[in-house]
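The values are calculated or read from the model by the stated rules, or taken from the named source; none is laboratory data. Fair warning: this is a prediction, and the values are worked out from it, not measured in the lab. Every residue, glycine among them, receives a Cβ derived from its backbone with ideal geometry; neighbour counts consider all protein chains shown. These area figures cover heavy atoms from the full protein model, side chains too; ligands, DNA and RNA do not enter into them. Shrake-Rupley method; radii C 1.70, N 1.55, O 1.52, S 1.80 Å.
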Amino acid sequence: MTVLLPWDQVECATAACVPSDADAPLFTLGFTTIALVIPTLVLMIILRAVLGLRATRDPEAGAVLAALGQTRGTAVRTAALQGLRDGFIAAGIAYVLAGAVHVAMVASVGLNPLTAGAGLWLERAVLAAVAVVALVLSHMLTAAQRPRTPVDALTADMQDDPAPRPSLKVRAMLSGGVLAASGGVIAGLAMFMRDIPRWEGGFVAMNAAGIAMITGWAGALALGLWAAVPWLRLRRGAAIALAAAAVGRDSRVGAVLDSYAGDRSRASARIVTVLAGLGFLFAALPSAETGVPLEGRQTAAIVLDGDVDASALEESYRAIPGVESVIVADAATLPDATFHSFVFAVSPDSLRGHHDALADALERHPRHVAASLTNGEVPTELLGNPRFEVDGVLPISECCDAFVNADHIDLGSPGSGFLIYATPGADLEAMNEAIDRVASDAPGVTSIGTSYLGWESSTSPWSVVVDIAVAGLVLVLPLTLLAVRAVKRRRQDDATLAALGATARTMRTATALETAAVSAYALAGGMVVGAVTRVLMTELQQGRLSLQSVAVDSPLTAGLDAVGWAAMGTVGLTGVAIMTITAFITAWATARPGGRGRTPVDQLRTKATEGVR
């Protein structure tokens, strides 16, 4: 619910913008139902499979109740009521907390908490209802499955994992074949139809490449989740054996780990399935547009039309506190553009020291316009523009200004443009206000166009709160629940070792080390497969974009730059740490005299006694 908070109201209270007062469009009942069904089903799958949430009654208890005469319908109704109760409690708490944050946010900037962002209260209520329905469905689905008896559960844990159907080889061939065929189509179109104009068949080629790209992504995801992740799951024992060798197989902990490496416990299997899948998706799915980075401290870009004195304005901008330098350029305004409203004609030499990568790119491609891609699509307002002629688009990483090489491209009746750069630690808000005053007071100005890039570098306390909340929900909470469930399952498997005299300390240490080894193995394996997928799909994307006159110096370099290496390392280390710490604490808690460290026989004896009563 942190997304459905009045962020625009708070930002616009101090910035030069106006929040939208337009009412949300009213859609038909059918469209609204479909729009809510999809996230409900996705959330139900997450609750049911990934997070491992279940009704409080475990499968053994369900088997006992079924033996005592409880029907499937009664079990489903009981689970639905329990899910409804839990959902109302959880969603109610989240709704109240989000409402409190809503009131605090708007009150902190002097707005009326009852009128500012009033529609968000209903939107959060709808989101809470979706969560409740998903939780109820996950409980009902669990209860509808016929519970296994304790003997069935123990027998299943002693057996090897069932062979995948179809086999992993067949899965890899099917999904890999789809991916290879899609890549072949894109490569063929890029080689033979790149220079064909749109009106002579280029439009058909671009559409065909787009369809092939979607099909290729389907094949890549299937290859990762349907073939690679199960393959990693079947070979998880190698990671545990490596951990046993690291601590020494002659030690007590090493001997326990060595026994773990040979068993087929579902405890480690679930960890590999979830973490390898999450690691693959995190590394494979695109998160941001790639291109030439704008590494400078540019904070504002101004376009002034009319009879203006550019030299005098340059001196006025340089005199503003916090301004480090100013670059004067020819500029054009595109009034009908969707994203790129301003085009600056600059000499690569003037960009040296500010945007070296952009200067190099403009020298390599002097007849291209450097601009960001919009959701992977080429900005059509820059190609075929009657005011200037370019050969293609050179992707850059930042939206939304465009740049051309002034030594080779003439914008035709341009206005005066200024690229303003801030000193480190400058007060961007005060500096941008001063920039606005200079432009509005300048004589001869007929129109003013301004974009502020510096706002992207500022971090508000509310954005920090959102980042922490999202990280907790997406990473910390699921991994914590996963580790707790895996350790509890491992405690049941360890009853034999405990009966043979293994101490609680040895079992606790072995459980933590097993969790750490399996988590690192799963995350590393999934991220490696995901990174390879990301590089390959980025190269195919570059081939598709080449049909739209997009320049790429090296598809392999673009693919490697598209992978979030630092983010992968951070998430991987954090995930392993969360899993290991949670496993150690859970193993310590369940091994206490008051904990749930009983063997399955003790639990069955207690349940039988309660059933007699």
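Given the conditions (1) open to solvent by less than 60 Å² (accessible area, probe 1.4 Å); (2) more than 31 Å from the chain's Cα centre (by Cα); (3) not polar (S, T, N, Q), and given that Phe192 satisfies all but one, which numbered condition is not satisfied?
(1)
If I filter region 122-135 down to residues being out of contact with any helix residue (DSSP H, G or I) (no Cβ under 8 Å at 6 or more places or on another chain) and surrounded by 14 or more Cβ atoms within 10 Å (Cβ to Cβ), which single residue comes out as farthest from Ala91 (Cα to Cα)? Walk me through it before giving the result.
Initially, region 122-135 is screened for residues out of contact with any helix residue (DSSP H, G or I) (no Cβ under 8 Å at 6 or more places or on another chain), giving 122-123, 127.
If we keep only those that are surrounded by 14 or more Cβ atoms within 10 Å (Cβ to Cβ) too, we end up with 123, 127.
Details: Glu123: 13, Leu127: 9 Å.
Once the filter is applied, the top-ranked residue is Glu123.
I'd like the full set of residues that are surrounded by fewer than 24 Cβ atoms within 10 Å (Cβ to Cβ) and not hydroxyl-bearing (Ser, Thr, Tyr), limited to region 506-533.
Met507, Arg508, Ala512, Leu513, Ala516, Ala520, Ala524, Gly525, Val528, Ala531, Val532
Tell me, which helices (runs of 4 or more DSSP H) wholly within region 219-306 include 2 or more residues that are without any contact (Cβ under 8 Å) to a residue 24 or more places away in the chain and either among the small types (Gly, Ala, Ser) or open to solvent by 10 Å² or more (accessible area, probe 1.4 Å) (or both)? I'd like the intermediate steps shown before the answer.
On the way: elements: 229-234, 237-247, 252-262, 266-284.
So the answer is 237-247, 252-262.
Matching residues to (1) at pLDDT below 80; (2) open to solvent by 10 Å² or more (accessible area, probe 1.4 Å); (3) under 22 Å from Gln298 (Cα atoms); (4) aromatic (Phe, Trp, Tyr):
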residue	(1), (2), (3), (4)
His340	yes, no, yes, no
Val346	no, no, yes, no
Asp349	no, yes, yes, no
Arg352	no, yes, yes, no
Arg367	no, yes, no, no
Ala371	no, no, yes, no
Asn375	yes, yes, no, no
Val378	yes, yes, no, no
Gly384	yes, yes, no, no
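Here are the criteria: (1) surrounded by fewer than 15 Cβ atoms within 10 Å (Cβ to Cβ); (2) assigned to a strand (DSSP E or B). Tell me which single one Ala332 does not satisfy.
All conditions are met except number (1).
Report the residue count in region 380-416 for those that are charged (D, E, K, R), within 23 Å of Val326 (Cβ to Cβ) and within 39 Å of the chain's Cα centre (by Cα). Full working, then the answer.
Step one: filter region 380-416 for residues charged (D, E, K, R), giving 381, 387, 389, 391, 398, 401, 407, 410.
In the following step, the residues that additionally are within 23 Å of Val326 (Cβ to Cβ) were identified as 398, 401, 407, 410.
Of the ones still in play, those that are also within 39 Å of the chain's Cα centre (by Cα) are 398, 401.
Of the residues in that region, 2 qualify.
Results for (1) modelled with pLDDT of 75 or more; (2) open to solvent by 50 Å² or more (accessible area, probe 1.4 Å); (3) in a loop (DSSP other than H, G, I, E, B); (4) within 24 Å of Leu135 (Cβ to Cβ), shown as yes or no for each residue.
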| site | (1), (2), (3), (4) |
| --- | --- |
| Gln70 | no, yes, yes, yes |
| Gln82 | yes, no, no, yes |
| Phe88 | yes, yes, no, yes |
| Tyr95 | yes, yes, no, yes |
| Leu120 | yes, no, no, yes |
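Which one of these is of a type in the set (A, V, I, L, M, F, W, C), modelled with pLDDT of 80 or more and open to solvent by 80 Å² or more (accessible area, probe 1.4 Å): Ile448, Ile420, Ile435? It would help to see each step written out before you state the result.
On the way: Ile420 fails: open to solvent by 80 Å² or more (accessible area, probe 1.4 Å); Ile435 fails: open to solvent by 80 Å² or more (accessible area, probe 1.4 Å).
Only one candidate passes the filter, namely Ile448.
In region 323-356, how many are in contact (Cβ under 8 Å) with a residue 60 or more places away in the chain and under 21 Å from Arg387 (Cα atoms)? It would help to see each step written out before you state the result.
First, the residues of region 323-356 that are in contact (Cβ under 8 Å) with a residue 60 or more places away in the chain: 323-333, 339-347, 354-356.
Next, from what is left, pick out any that are under 21 Å from Arg387 (Cα atoms): 328-333, 339-347.
Residues flagged as in contact (Cβ under 8 Å) with a residue 60 or more places away in the chain and under 21 Å from Arg387 (Cα atoms) within region 323-356 amount to 15.
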